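Everything on this sheet refers to the single structure shown next.
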Amino acid sequence: DAKTTQPNSMESNEEEPVHLPCNHSTISGTDYIHWYRQLPSQGPEYVIHGLTSNVNNRMASLAIAEDRKSSTLILHRATLRDAAVYYCILRRLSGNTPLVFGKGTRLSVIA
Amino acid sequence: SQTIHQWPATLVQPVGSPLSLECTVEGTSNPNLYWYRQAAGRGLQLLFYSVGIGQISSEVPQNLSASRPQDRQFILSSKKLLLSDSGFYLCAWSGLAPQETQYFGPGTRLLVL
């Protein structure tokens, strides 16, 4: 599977937008970009996923670069409850392969 | 709606003792099932996954094993625990279609002393 690179940690002020970057320069044409997050002492939860076009849902937005070698998860207004580790994961289109987690980005939100 | 259960929530076991962690899913049939482990301060490591009863794929060779005796039941076992088996064990399920979301259970925190 293609590898993703994320910053180890980021910090944001409450009520401010947060842009979490992910580099995936070896992405293939059939790889979807998935984002999950893990709140403290909990299992990961799904945030959003996309292939080529930008995606929006109630939790976040996903902006995908035109060459698909990078993407950005956007939290429009960070709250204290958004403090978590955010994982960017590539999943091949064919089959339903298990998620393979990297180290992710630890987001701290300051009141 | 679908729910996933894990028990026990916490467990303290001596080195060399056996282990059995259970995971069950409700509200769906024929799910894919997964076991992950997260050691303290570390990332999530995929241990096993199953696409059907009796079908187990092992990702990491170690002293753990998994079984799927029923469609919605996934069990993680060990005959003799090691100190390095301590961690947060998470069970997850997903549907069969490509790109299906994985849903994680509440986890079992295991401390081996």
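The values are calculated or read from the model by the stated rules, or taken from the named source; none is laboratory data. Worth saying up front: this structure is predicted, and the values here are computed from it rather than measured. Neighbour counts are summed over all protein chains in view; Cβ atoms, including those assigned to glycine, are modelled from backbone coordinates with ideal geometry.
In contact (Cβ under 8 Å) with a residue 12 or more places away in the chain and within 15 Å of B:L110 (Cα to Cα): does that describe B:L19?
yes
From the list A:R77, A:R37, which one is basic (K, R), within 11 Å of the chain's Cα centre (by Cα) and either closer than 25 Å to B:G105 by Cα or away from chain B (no Cβ under 14 Å) (or both)?
A:R37
Would you call B:V60 of a type in the set (A, V, I, L, M) and either modelled with pLDDT of 95 or more or outside any strand (DSSP E or B) (or both)?
Values: of a type in the set (A, V, I, L, M): yes; either modelled with pLDDT of 95 or more or outside any strand (DSSP E or B) (or both): yes.
Yes; evaluated as a whole, the condition is true for this residue.
So A:Q42 fits all but one of (1) surrounded by fewer than 21 Cβ atoms within 10 Å (Cβ to Cβ); (2) farther than 19 Å from B:F104 by Cβ; (3) touching a Pro at 6+ places or on another chain (Cβ under 8 Å); what number is the exception?
(2)
Out of the residues in region B:93-113 meeting the condition of being aliphatic (A, V, I, L, M) and facing chain A (nearest Cβ under 8 Å), tell me which one is farthest from A:R92 (Cα to Cα).
Taking the candidates together, the pick is B:L96.
Just the residues that are modelled with pLDDT of 95 or more, of a type in the set (K, R) and assigned to a strand (DSSP E or B), please, taken from region A:59-107.
Scanning region A:59-107 gives a single hit, A:R106.
Quick check on my filter: what residues within region A:1-43 are part of a loop (DSSP other than H, G, I, E, B), in contact (Cβ under 8 Å) with a residue 12 or more places away in the chain and closer than 14 Å to A:D82 by Cβ?
Selection gives A:E14, A:E15, A:E16, A:P17, A:L39, A:P40.
Just to be sure before I move on: is A:R92 within 11 Å of A:I33 (Cα to Cα), within 12 Å of chain B (Cβ to nearest Cβ) and among the charged types (D, E, K, R) in the structure I sent?
For A:R92, the condition - within 11 Å of A:I33 (Cα to Cα), within 12 Å of chain B (Cβ to nearest Cβ) and among the charged types (D, E, K, R) - is met.
Is it true that some residue in region A:54-71 is over 13 Å from the mean Cα position of the chain (by Cα) and closer than 24 Å to B:T108 by Cα?
Within region A:54-71, not a single residue is over 13 Å from the mean Cα position of the chain (by Cα) and closer than 24 Å to B:T108 by Cα.
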